[in-house]
Each structure stands twice: as structure tokens, then as C-alpha cells.
Amino acid sequence: MSEPDLWALFFDVNQDIDTQFQFWISITFAVLVASFVADERLSRVERLVIAALYLIAASIILLRYTSALAHQAQVLGLFADSGFAQPARPDIVGLLRFGLFTVGSLIAAASVLFPRFGARGEPTDARGDHD
């Protein structure tokens, strides 16, 4: 492969990594908002189903993300094998994203399972009166 082809491949892999992360951010935000809006109106079974579906989807995205990282390592190896200057690999960003994936997914699932998870103060009704 030529150097421009390798660079194009490298950018494509990085785009895939970013896409996986953006998709995860979107579904996590949706779960957090839905959990906040639904509050305590969902039954325990509904909460378990939503949390399970979210965790399955988040796990699939995390697996696709780790696959894209492995593909990135292969592309970087092609740079080295071809004798071209190898682009820098942002390792700290990868670690931060992986940590955010893990902790963020667990917090989102907990917010579904436990509707008062992280709530401040006493619950109020629609008029703002305390229960």
C-alpha cells in the first residue's frame, strides 16, 4: 500500500472509533433522560428489561469499539512494515474512553434500576409540594 492509502485507512479506522463512541453517548443519554422522565412510573420488571437491553447494546458497542482499536493497531503495524512514519496513537484517550464506557454504562443502568439513584433532597409532586 502507498502512504496515502495507509493514511486514508488510518483515518477511516479512527472515524469508526469515533462513531462507536458517539453512538454509545447517544444511547446512554437517551437512557438517562428516559430514566429521569419515567421516574418511578415503571414497574420493576420494565426497569430490569430496559437496563438489560441497554447493557446488551452498550456491550455490543464496546466490543465493536475494541475491535476498531485492534484494527487501528493493525493499520499502525502496516505503517511500520512499509517503512513509513507511524502516526501517534492516542493511548490516554483510549483509556479515558474505555473508562467512560464502563463507568458511564454502569451508572446509566443504575439510574434505570434505581429511580432515586443520585436524586437530591426530598421527592416532590407536580406542584412542588413535598410528599
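Bear in mind these aren't lab numbers, they're just calculated from the coordinates by the rules spelled out. Only a predicted model underlies this, so the values are computations on that prediction, with no experimental measurement involved. Cβ sites come from the backbone with ideal geometry, for glycine too, and all protein chains shown count toward neighbours.
Excluding ASP12 itself, what net charge comes from residues whose Cβ is under 12 Å from its Cβ, given Lys and Arg +1 and Asp and Glu -1? Summing Lys and Arg as +1 and Asp and Glu as -1 gives -3. Placing +1 on the Cβ of every Lys and Arg and -1 on the Cβ of every Asp and Glu, with nothing else charged, gives the chain a dipole about its Cα centre of roughly 340 debye.
Once the chain from LEU63 to VAL49 is taken as fully extended at 0.36 nm per residue, the excess over their C-alpha distance is 2.9 nm. Mean sequence separation of contacting Cα pairs (under 8 Å, at least six apart), scaled by the length of the chain, corresponds to a relative contact order of 39 percent. Counted by neighbouring Cβ atoms within 10 Å, the residues ARG89, ARG97 run from fewest to most as ARG89, ARG97. A cut-off under 12 angstrom between Cβ atoms defines the neighbours of PRO90, and their net charge, with Lys, Arg +1 and Asp, Glu -1, is 0. Candidate values (i) 73; (ii) 45; (iii) 38 were compared with percent of Cα pairs over 28 Å apart computed on the shown model; the agreeing label is (iii).
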